[in-house]
1. Can you name every residue in segment 97-111 that is under 15 Å from residue 155 (Cβ atoms) and either at pLDDT 90 or above or among the aromatic types (Phe, Trp, Tyr) (or both)?
2. I'd like to verify a number: residues in segment 341-364 that are within 31 Å of the chain's Cα centre (by Cα) and crowded, with 19+ Cβ neighbours inside 10 Å, how many?
3. Of all residues being aliphatic (A, V, I, L, M) and within 17 Å of the chain's Cα centre (by Cα) in segment 282-303, which is surrounded by the fewest Cβ atoms within 10 Å (Cβ to Cβ)? Just the residue, please.
4. Considering only segment 293-342, state which residues are at pLDDT 90 or above and either in a loop (DSSP other than H, G, I, E, B) or of a type in the set (A, V, I, L, M) (or both).
5. Would you check which residues across segment 42-79 are buried (at least 21 other Cβ atoms within 10 Å of the Cβ) and part of a loop (DSSP other than H, G, I, E, B) and list them?
6. With within 23 Å of the chain's Cα centre (by Cα) and not hydroxyl-bearing (Ser, Thr, Tyr) as the only criterion, which of 179, 203 stands out?
Amino acid sequence: MDASNRKEIETTRPEDRPAEAAKGIRDEGTERRNLEDELRSRAKQQEALAQLGERALFEPDLERLFNDAVSTVALTLSVDFVKILELLPGGSELLLRAGFGWKTSLVGAVLTSTDAGSYAHYTLNSAAPVVTADYAAEIRFAIAPYLKDHHCVSGVTVTIAGRDGRAYGILGVCAGKARHFGAQDTSFLAAVANLLAGAIQRRQLEQRHELMIRDMRHRSGNLFSQLLALFSQTAKNSKSIADLASKYQARVLAMANAHRLITEGGWTSIPIMELLYVVLGPYLDRVSFGGPNIDLEPDPIFNLSAALHELAANAIKHGSLSRPKGQLDLNWSVSRTERGMTLILDWVEKNGPPARRPRRLGFGSRLIGMVIERQLNGEVHRSFTRNGLSVHMVVPLTHERWPSPGAPAGEQTEDVDSPSKDARLP
C-alpha cells in the first residue's frame, strides 16, 4: 500500500469519528439556537408592532403615541437612544418631538439641520433606511454634534412619510456600543415609521374636518357683518360712488379668492406661490420672485392675501406697476425667531414714481397693519424712497405639524378677526 492510501486511511480511523460527530452536533446546536433567537426576536417585534398599531388607532393624543413609540422601539431593539424628529416649516430644521435616552432638555428643541451633507439631509433623500455601523468612520455625511455628545457608535434612521410625497420627519435609533443592525431590525423600524405616518395623517384629517366645521360656522356667521364693516371703511375713504364701487369690488374679490384657495385646498396648507399667483396674476411678467415655496396654513393665507392685495392695488394705482417699465421684487425667507418659525417678506417696487410718505394712513395701510400686526402678531415696516415703496413684513407661522386633540365643536374661542372689531379701528 502506497503512502497516499495509508494517509487516507489514517484520516478516517474509527477513533477520530466521535470527535467529528461531536463537532457536527455542536454546529447544529449553534445553528438551532441562532434560529430560535431570530424567531423569538421576530415574534417580539411583531408583537410590539401589533400593540403599537392598536394604540395608534385609538389614541387621540399624538404626543402620547410618540412617547409610547420611542419606548417600544428602545425595548424591542435594545438600543440606547430613539428619536422622532419633526421637519419644521421651511424644511431647514428638525425638532426633537419625542425621544428615549436623550438629555431631557433636548426634547422640544431644534436638534439638527437639513443642510447639504448632513445626516438628516442624507436620510430624507434616501429611499431606504440608512444604516451606520460606526459613526466615527462615516464618510457619506457629517455627524451631528448631538450624536457625538451622547457617544453614539452605531445607528439607523428612516424617513417618516408625509402627504403628497413630502417627508414629515425622521425616526432613528442609535447604540452606545458597536452594533450590527440587520435587515430584520431595519424592517421593523421602517414599519414603525409607516405606522406613525398613518396615525399623523389620520389625526390631521380628523382635525381638518373639525377645523372646517368650526371655521365655516365662524365665517358664515360673520360674513355679512364683515362685508358691512369693509363697506363702511371703504366708503369713508372714497371720493365718489364709482370710486367706492371699484375699491369695494376689488376687496371683496380678494376675500373671495383667499376663501377659494382655502376651501379648494380642503382647509390644508397652501404653497405660497399659489397665493402670489392669485394676487399678482395679471402682472407676473413684471414681478420677480425669490424664496422657498413654503406651505402656509389657512389663517396666514387669508390675512397675508388681504395685505398683499392692498399693496398690489396701491402699486397698480400709485406705484411701480402704474408705469410701463415698473417692476416689483418680492423676496422671502423662513427663519427661527423668538416667536418661532417666521416668514420674512420684502416687497420692493422699482422704476416707478418716487414714494412719498402720506400725511395720514389710508384704510389700505391700516388694513395691512391690522391683518399682519394684530391678527398674526407680526410686523410691518415701510420705506418711502425715490425708487419706490418698500415694505418689510415679519409674519409668524402658526404651524402645528403634530396636532393635539381639537377643541370640542361647541367650544367658543376668541373672535380675533371679528368684523365688529375692524369697524372700531382708527
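The values are calculated or read from the model by the stated rules, or taken from the named source; none is laboratory data. Please read all numbers here as calculations on a predicted model, not as lab measurements. Neighbour counts run over all protein chains shown; Cβ positions are idealised from the backbone, glycine included.
1. Of all residues in segment 97-111, those under 15 Å from residue 155 (Cβ atoms) come to 99-102, 111.
99, 100, 101, 102 - these are the residues of segment 97-111 that are under 15 Å from residue 155 (Cβ atoms) and either at pLDDT 90 or above or among the aromatic types (Phe, Trp, Tyr) (or both).
2. 6
3. That would be 294.
4. Of everything in segment 293-342, those that are at pLDDT 90 or above and either in a loop (DSSP other than H, G, I, E, B) or of a type in the set (A, V, I, L, M) (or both) turn out to be 328, 330.
5. Hit for segment 42-79 is 79, nothing else.
6. Answer to the selection: 203.
So that you can scan it fast, the table gives a plain yes or no per residue for (1) buried (at least 16 other Cβ atoms within 10 Å of the Cβ); (2) modelled with pLDDT of 50 or more; (3) outside any loop (DSSP other than H, G, I, E, B); (4) in contact with a Gly (Cβ under 9 Å, 6 or more places away or on another chain):
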position: 392; (1), (2), (3), (4): no, yes, yes, no
position: 409; (1), (2), (3), (4): no, no, no, no
position: 414; (1), (2), (3), (4): no, no, no, no
position: 417; (1), (2), (3), (4): yes, no, no, no
